[in-house]
Amino acid sequence: MRKLRAFLCLAFVCLMMTEPVFAAPRLNSLASAGASSAINGITSRVMVSPDITADEAAERLYYLGLMSGTGTVNGKVHFALDLPITRLETMVMTIRLLGMETEVLSTPTDHPFTDVPDWGAPYVSYFWANGLLDNKENGLLWPDNPVSTNHFMRYMYYALGYSDEDDSNLATKASFYAIQAGICTESKSEITRGDAALMIFRTLNTSCAGTDKMLSELFVENEYLGYQDAMFLLWCVDCAQSAAYIKQCGYTTEKILPDGKYTIVLNDSTRCLNVLVDGGNNDYEGVGVTVWKRTDDISQKFRVERTERGTYRLFSCASGGGFHRLLGISRYGTSALFSSNSSYAGEYYIRYSDSGNGSWQFISASDSTKCLGSTDARNGAAVVLCDIGDPAHKTEWTFEFDGVVNEEGLEFALFPSETLCITQGAYDHYSHQRQNALDMTTSNGSVYAPFTGEIVRIDRGYSRYNTVWLQSCDKVVYADGSTDYMTVIFMHDNNVADLKVGQIVAQGEYFYDSGVAGGATGSHVHIAVYRGKYVTGSSLTGSGNVYVQDALFLPTDIKVLVSYGIDWIYMPPKN
């Protein structure tokens, strides 16, 4: 990605008509202006301080690779800035500020905590190995607990080169030092992701321990950060010019494709990406991918999934439900399906084409001069990596989202299983006597998101049923014909360590499992529906204010096993 950005940055410099308004790192003058008396050995000060909002800070950090979004909504990165930042997220951000993420992710994990999700194990292991975590008697780290300004800034000072040995008060007075330095303005017992974004941004523009050089300057010197990126995204005090830089370089959030199932059509063509298999052969390693005349076949649909690195992977929906094999380039130079850990598996950046016609190009993550293209000569024409701008190949693609929406673009809320098998109804005689909820079993144990939504609350633990609250990102169409936001409760998954608050889940995406958490009789899922957005502090009752059958449509292809005598409403037919 660095090569791609370096190329785009150079293009921007050539096109920029005015000099950027930025505070260049002329360290002598900046050091003199920001210097003050040392406080217990902590001498660092913010050297450059653009006046930006939390959202602007998060966006700039995102394009620098120092802050991850929680998903995408309507094509834009979603940062969930109002949500509390967690202990684990704080560790991840600190590792990135240290410039050690690649090393940490490649190091074997070793820590004593039992409640850390697999993806977070490398980060926790680093902090544990360096003596920065206390072992709890019960073996718990509480990775999802919120953190205070003091807790967060203690880690930021580690990134700036300080340690507890440098200042014995750092562990308890980090927020006080940060206010004195200009990194933050107040100390809070619980900070948000927005607070964290601003503190990280200012920490990057703060002088490091024992030097007048800012942390961002050290990044530039060590080639961890490009000079142009630092100049326009960190040191520029004119927000309009930073925004112009982001747009010109192709980093804008409008260019981010939401996760989901798509038909990927070759521009100015009737053909689309197609897997050359059917039946039992659709999961073979190395099966070819070509362009083909459009049909309604599942082999012509791909699940586009965005990675933490900002790249995309294309999973074939004809392969194990669309999650097992993805599009890559074979040893012969043509596209085929491979397992995600194969050396041939592909990752791509997706950017608007230069033609400006709304089409996209798949840029190879390993070689920014190459993109996916095809001659489109006939059915079965090869899809290959070719040079960007190669006149012999068509390299522009359009995406048709396979979501279920009405004419206004609002999603229909769908029943979250491939089968309908209800085992207990609302206000039933067994355990639902006072609950407006349903129990259901699924043929494969999987639960799918009824709409594109954000996980707004997780009640972890066996005794709390591993309950997950999913709120729609936009208004949705209810089965009774009304439109409003919707919040759905899911209960009984045995393990929700892979989920986090703020995570965005696309409509139809598998994200939850049936289980017995809470002492349930037999593996199943308890679901309840609330009309509107989630209300902070809602009690864990498992009872909704809307009947499930009045909220969720049945897909037309659902397999009905037990309807429980409920008058369900099917999806309206397509025009």
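The values are calculated or read from the model by the stated rules, or taken from the named source; none is laboratory data. These numbers come from a predicted model, not from an experiment. Cβ atoms come from the backbone with ideal geometry, glycine included; neighbour counts cover every protein chain shown. With ligands, DNA and RNA removed, areas are computed over all heavy atoms of the protein, side chains included. Shrake-Rupley method; radii C 1.70, N 1.55, O 1.52, S 1.80 Å.
Below, the figures for the structure above:
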quantity: Cα lying deepest toward the dipole's positive end in the stretch 399-500, options L410, I489, S463, charges on Cβ; calculated: S463
quantity: Size-normalised alpha-carbon gyration radius of the stretch 334-457, reference 2.2 N^0.38 Å; calculated: 1.65
quantity: Cα centroid of the stretch 200-222 to Cα centroid of the stretch 495-540, whole Å; calculated: 42
quantity: With DNA, RNA and ligands ignored, accessible area of W397 (1.4 Å probe; Å², nearest 10); calculated: 0
quantity: Radius 15 Å from Cβ of M486, net charge of other residues (Lys, Arg +1; Asp, Glu -1); calculated: -2
quantity: Solvent exposure, largest accessible area first (probe 1.4 Å, DNA, RNA and ligands not counted), of H492, H151; calculated: H151, H492
quantity: Hydrodynamic radius by Kirkwood, which averages 1/r over all alpha carbon pairs of the stretch 430-550, in angstrom; calculated: 14.3
quantity: L198, L327, reordered so the largest accessible area comes first (probe 1.4 Å); calculated: L198, L327
quantity: Per-residue SASA entry for M100, accessible area with 1.4 Å probe, Å² rounded to 10; calculated: 40
quantity: Model label zone, S343; criterion: amide N under 20 Å from point 7 Å along Cα-to-beta-carbon; scope the stretch 366-409; calculated: 366-368, 385
quantity: The stretch 165-252 - Kirkwood radius from inverse mean 1/r over Cα pairs (Å); calculated: 14.8
quantity: For S359, distant residues with modelled amide H under 5 Å away; calculated: S353
quantity: Share of Cα-Cα pairs in the stretch 496-562 lying beyond 19 Å, as whole percent; calculated: 52
quantity: Solvent accessible area, Å² - Y465, 1.4 Å probe, full protein context; calculated: 80
quantity: Residues in the stretch 523-550 that a label on D484 would reach, taking backbone N under 15 Å of a point 7 Å out along Cα→Cβ; calculated: 529-535, 544-550
quantity: Volume in Å³ per residue [convex hull over Cα atoms, computed for the stretch 160-204]; calculated: 77
quantity: Distance violations [Cα-Cα > 29 Å] among K475/K559; K394/K559; K500/K559; K301/K559; K301/K533; calculated: K394/K559; K500/K559; K301/K533
quantity: Gyration tensor (Cα) of the stretch 95-240, equivalent ellipsoid semi-axes in angstrom; calculated: 27, 19, 15
